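Have a look at the structure below before the remarks.
The values are calculated or read from the model by the stated rules, or taken from the named source; none is laboratory data. Everything numeric here is computed off the predicted structure, so don't read it as measured data. Ideal geometry is used to build each Cβ from the backbone, glycine not excepted, and the neighbour counts take in all protein chains shown. To get the accessible areas, we keep the full protein, side chains included, count just its heavy atoms, and leave off ligands, DNA and RNA. Shrake-Rupley method; radii C 1.70, N 1.55, O 1.52, S 1.80 Å.
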Amino acid sequence: MRILAAMSGGVDSAVAAARAVEAGHDVVGVHLALSRAGGTLRTGSRGCCTIEDALDARRAADLLGIPFYVWDFSERFRDDVIADFVSEYQAGRTPNPCMRCNEKIKFAALLERAIELGFDAVCTGHYATLVSTESGLELHRAADNAKDQSYVLGVLTAEQLAHTYFPLGTTPSKAVVRAEAEARGLSVAQKPDSHDICFIPDGDTRGWLAEKVGTATGEIVDRTGAVVGSHEGAHAFTVGQRRGLKLGVPAPDGKPRFVLEVRPVSNTVVVGPKEALATREIAGARFSWAGAAPTESEFRCDVQIRAHAEPVAAHAFVESDGVRVVPDEPLDGVAPGQTAVLYIGTRVLGQFTIDRTISAVPVGA
């Protein structure tokens, strides 16, 4: 196949490209410039997409003997990922920018251009596997559960899966990938993984958002509506947050309180006991299927609401206004804006953005 290898400058994408070359494919490397003013150097595991990352990707491509290009996707990234991140917080939701980047950039904008240029597939260093069945390709978890990235790939459609290539999916551990990179002479063999939001490399999400949307004083209330504190911008709070609340009125039982809800219209933050974070039902209107859609409107599955959360057994219902999921056990700390990914065994069935939740603990309980 003609393969376009997305090379971030990290060890995973470098080894993925190397395996594609070794498998006999015609490979071209590309690094995505996602900022017009990218940083020069990374700081440990913080951030990505710096000039240093581009140079690391180029060195890997040179060692592999493949053509290499840098493509400017900064405008698409700004419009589809950063602007979406800001608007979601302004709406009181908690977005996942990695999901949006995979959906809009790596497997939409990049894949579209790759197909236009005659490539058969885009190769990435994601840890996930593709399984061919009679009904088409299926997306499954990686062999290494600790590195499994199928959750952030849950937004991929059947058409996109048909043009993807994940050489690392069957690798038993990240240590094997690093050892292989070392053996191949790749300079990124021991390069740290990126863990933070790439466009907020210092990790200060609250400060970054304050610069983008400003501050506005509002009330912090408990579940009964009683005012227990104030804040300088509801956008700085996420469901499940405990630290940094600076409440002026202690809870009657003296226990810590957590953010339960963010109401952007009234600029109000609702807090309450940890038990009230338990959620008995979630739903969302924006959904997609990773391969063949389910044939039944009601089915058993597992639901996962964070990249590294444990999956929870559940009933799922496909309804006229979206997908609704009732877990067997309450989910903890669910926030609107998060992505719920549905699995059947190791297979990714699909995903939806959570926009409705029902607490397992009624007010006053």
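Do we have Ile220 as within 22 Å of Pro327 (Cα to Cα), surrounded by 17 or more Cβ atoms within 10 Å (Cβ to Cβ) and not acidic (Asp, Glu) here? Spell out how you get there, then give the answer.
Numbers: within 22 Å of Pro327 (Cα to Cα): no; surrounded by 17 or more Cβ atoms within 10 Å (Cβ to Cβ): yes; not acidic (Asp, Glu): yes.
Taking the combined requirement at face value, the residue does not satisfy it.
I'm trying to understand the selection: among the residues of segment 125-150, which are over 16 Å from the mean Cα position of the chain (by Cα), touching a residue at least 40 places away in the same chain (Cβ under 8 Å) and closer than 11 Å to Pro172 by Cα?
Residues satisfying the conditions do not exist here.
How do the pairs read when you match residues in segment 68-84 that are among the basic types (Lys, Arg) with residues anywhere that are open to solvent by less than 30 Å² (accessible area, probe 1.4 Å) and part of a helix (DSSP H, G or I), using Cβ under 7 Å and keeping only pairs 6 or more apart or on different chains?
Arg76/Ile105; Arg76/Ala109
Return the residues of segment 334-348 that are within 16 Å of Met99 (Cβ to Cβ), part of a strand (DSSP E or B) and either open to solvent by 70 Å² or more (accessible area, probe 1.4 Å) or not β-branched (Val, Ile, Thr) (or both); say none if nothing qualifies.
Ala340, Leu342, Tyr343
Looking at segment 234-333, what strands (runs of 3 or more DSSP E) fall wholly within it and have at least 1 residues that are open to solvent by 50 Å² or more (accessible area, probe 1.4 Å)? So that I can check it myself, show each step before the final result.
Values: elements: 258-263, 268-272, 278-284, 287-289, 298-304, 312-319, 322-327.
Where strands (runs of 3 or more DSSP E) fall fully within segment 234-333 and carry at least 1 residues being open to solvent by 50 Å² or more (accessible area, probe 1.4 Å), they are 258-263, 278-284, 287-289, 298-304, 312-319, 322-327.
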